[in-house]
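Worksheet for the structure shown next.
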Amino acid sequence: MKTLLLSALALPLSQAAAADDVFVNTPKTTLMLSVDKGQTPAIQYYGSRLSPGQGREVHDAMSINSDAYPAFGRDSFDETALSVTHADGNMSTELVVTGWRTEGEQTTIEMRDKKYDLFVDLCYKANDRSDVIETWTVIRNGEKKPVRLEQYASGVMALRQEGAWLTHFHGSWGQEAGMTEEPLTAGLKVIVNHDGVRTAMDDRAEVMVSLDGRPQENSGRVVGAALCWTGNYKLRIETRGKYQHTLIAGIDDLHTAYTLKPGETFTTPTLALTYSEEGKGGVSRAFHRWGRESQLHNGKALREILLNSWEGVYMNVSQEVCEQLMDGIKDLGGELFVVDDGWFGRKYRRTYDDKALGDWMTDTVKLPKGIPALVKAAEDRGLKFGIWIEPEMANSTSELFEAHPEWVVAHPTRELSKGRGDTQLVLDLSNPKVQDYVVSIVDNLRKENPTLHYIKWDCNMSMQNYGSSYLTADRQSHLFVDYHLGLHKVLQRIRQAWPDLVIQLCSSGGGRVNWGFMPYFDEFWVSDNTDAQQRLFIQWGTSHFFPTMAMAQHVSASPNHQTGRVIPLKFRFDVAMTGRLGMEMKPSDLNGEEREYARKAVAFYKEIRPIVQLGDLYRLLSPYDNKGFCSEMFVNEDKSEAVFFCYKFENYIGMETPRWHFAGLDPKATYRLNEFECAESSHNFEGKTFSGKFLMETGIDATLRRQYASRVIRLKRI
Ligand code: GLA
């Protein structure tokens, strides 16, 4: 048996096809497939990196041997990845390999149906900097008449291990990214989102499978998978017996049948995979690195400290109010001011959330001199300026809807079901005219304000009123997909025109947190819930797949507007500092002492910003462990600097602070510790030195006495 080595590291360009085993290698991992002409390709192995000779071991061990892209209708009785109705009505498909090739980092396995001119390319891209393998498929209709894709998944992963556990994330408004960890038992586990637009608010499209039992943060073999798609998706994990697990992930197959005309192709979204022996943390770090290196827009640049006007003044924006907020954040050391909702609307003024979406002209009652005057006021203070828009939406009370009722997602014969404010509607982005209009919103803002630095792009409604007056009757089932293909076109055009614009992704909080969006966005709003205690949970879950540099985390007022909880300013800052720090309150509501504290915190954050935003995250103690504590740390790439955070969010008699075991340090190095504004009288570690080995193995007793006590310790190699 010959072995073909396809690697991100040492790749021969365009290799001829004549082999049985294909290795897709990243520096630390191997995905091995067997690929024989005239046969279906099979996954044989996914795990730590194999040497070429080890292909024999995989076969001798009788490992996985599972169909790499199972199609419906012939000999597969399990879950399938592809289901097609051919031009003659035949619903069965039988894919066999016709060849394979590698070009650069990409491996392509070419397949076709044995009897029909339906062609499917199974693609794998091995990322040499991050150990992430991306997989997707390209489906081409070579038949003489249209074919209907009923199910068209992105990719498949097969694993063999009894006692495996699944980690997945779910939530709703204000409680995004809730984490559930459970054993994978026989049957089918389905993670799905049908929202249409806001597809990460409930279930999320990322999972981890821990192969060594209950998931651990920094040990054990774990596979991570993220479907990179902005629309409806479905992840299926089928478990046969106790140990055969097959993950199939792709665009949701409900109400999304897609017709391909002769000659047309469909490229599925990407499924990103990684494998680590360093527990869930290893998977997270691989995804974070992959994100910073190649996915997140501008993933290597530091993010600015901003003040967003929403929780400070809600829709009561005016020149004067904004200038007060600008003065406040400038005084604290911030770098950017963002005016949120409420600045627009002429005929219908945006005084409440029931009108004016779609009318992106300044409300001249609130802002007589328009946005240019706000930009100037910010620049006069040495701040950059940003603005909120919700460009995919309209209110029925808007000039836009009056002019273009046919532009909203709707079925013409039915009464409209409306969202926020009982008036909100979704624009039909499958329509190129609507795409042009959405692009023009950003173009106009930027042309009128050439130094506009930042946009918060919001989306606060699900797709109701299923139907499109743009799509023809026989293509109505394309809407869930074509909406997003239209959105991608819009975002690509905006990015082409304005690559330097910082754009935040927001969707009623974290309702769109998915890797499919990240190439267009610099960061995302983690949640509308800014309560520091609940944020520990939301941020913990979110950090499993998304890098902290992209996680917008704002210090807000106390009592908190969502939960009413009263939490000290230090704790609120310490929680927000583990991502992209910002503020969302009136700085003038802080008293003198608090203002002084906030100045110090902002200055300190600037010092640790490169470590937090560009370093590696090690989650240490989970808030989900029910111990009332939480901790995590960040380590820079050469392990010369780190910063450790710990929090206590419960308090009862007899509650002992755990011993803190650090992670990710150089065991041989000596580190000096410096506490940031430590409020604890005992066990202060200011200026003390320890070896990395001691800190990781033996750990330290940094006590936390009161509820909402927190500590931040900076480490520097000496
Ligand atoms: C959504 C966002 C908030 C804020 C409001 C404005 O809820 O998540 O941050 O921008 O809209 O209406």
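The values are calculated or read from the model by the stated rules, or taken from the named source; none is laboratory data. All values reported here derive from a predicted model rather than from experimental measurement. Virtual Cβ from ideal backbone geometry, glycine too; neighbours counted across all protein chains shown. Protein only, heavy atoms only, side chains kept; ligands, DNA and RNA dropped before computing areas. Shrake-Rupley method; radii C 1.70, N 1.55, O 1.52, S 1.80 Å.
Rounded to the nearest Hz, the phi-derived 3J(HN,Hα) couplings of region 429-441 under the Karplus curve 6.51 cos²θ - 1.76 cosθ + 1.60 (θ = phi - 60°) are 6, 6, 8, x, 5, 5, 4, 4, 4, 5, 4, 5, 4, where x marks glycine and proline. Calculated mean residue ellipticity, 222 nm, the chain: -6000 deg cm²/dmol, from DSSP H runs (n ≥ 4) at -39500 (n - 2.57) each, averaged per residue and rounded to 500.
Defining a contact as two alpha carbons under 8 Å apart and six or more residues distant in sequence, what relative contact order in percent does the chain show?
Value for the chain: 10 percent.
Here r is the Cβ-Cβ distance between ASP380 and ARG599 and R0 is 22 Å; the resulting FRET efficiency, rounded to 0.05, is 0.60. In this label model, LYS433 and GLN707 are separated by 5.8 nm, measuring between points 7 Å along each Cα→Cβ vector. Taking 7 Å steps out from each Cα toward its Cβ at ALA373 and LYS688 produces label points 5.7 nm apart.
Computed from point charges on the beta carbon alone (+1 for Lys and Arg, -1 for Asp and Glu), the dipole magnitude for the chain about its Cα centre is near 900 Debye. In the chain, taking the dipole from charged Cβ atoms about the Cα centre, the farthest positive-side position among ASN90, SER396, GLY299 is held by GLY299.
Given Cα pairs under 8 Å that are at least 6 residues apart, what percent is the relative contact order of region 129-193?
On the way: 39 pairs, mean separation 13.9, N = 65.
Relative contact order of region 129-193: 21 percent.
Taking the charge dipole of the chain about its Cα centre, with +1 at Lys and Arg Cβ atoms and -1 at Asp and Glu Cβ atoms, the residue from GLY178, LEU227, THR703 reaching farthest to the positive side is THR703. Taking every alpha-carbon pair under 8 Å whose residues sit at least 6 apart, region 485-532 reaches a relative contact order of 37 percent. If R0 is 41 Å, what FRET efficiency do you get for ARG240 and THR413 from their C-beta distance, rounded to 0.05? So, using R0 = 41 Å, E works out to roughly 0.35.
Model label sites at ASP589 and ASP443, defined 7 Å from Cα along the beta-carbon direction, differ in position by 4.0 nm. Under a cut-off of 18 Å between alpha-carbon atoms, report the lysines in cross-link reach of LYS347, not counting same-chain residues fewer than 8 places apart. Correct list for LYS347: LYS355, LYS366, LYS369. In the context of the full set of protein chains, residues of the chain present 36 Å² of accessible surface per residue (probe radius 1.4 Å, heavy atoms only).
Overall, the accessible surface of the chain at a probe of 1.4 angstrom is composed of carbon and sulfur to the extent of 49 percent.
Across every direction, the projection of the convex hull enclosing the Cα atoms of region 256-315 has a mean area of 9.7 nm². Across the cross-link table entries LYS300/LYS384; LYS37/LYS261; LYS189/LYS418; LYS37/LYS189; LYS570/LYS627, which are compared at the Cα atoms, the separations over 23 Å belong to LYS37/LYS261; LYS189/LYS418; LYS37/LYS189. Our note on the geometry: Cα centres of region 125-168 and region 59-80, 13 Å apart.
The count of lysine pairs in region 637-718 whose Cα atoms are under 15 Å apart, excluding pairs fewer than 8 places apart on the same chain, comes to 7. Taking a straight Cα-Cα cut-off under 19 Å and skipping sequence neighbours fewer than 8 places away in the same chain, the lysines within cross-link reach of LYS28 are LYS125, LYS280. Nearest 0.05, what FRET efficiency do SER640 and ASP500 give at R0 = 35 Å with Cβ-Cβ as r? Efficiency, rounded to the nearest 0.05: 0.70.
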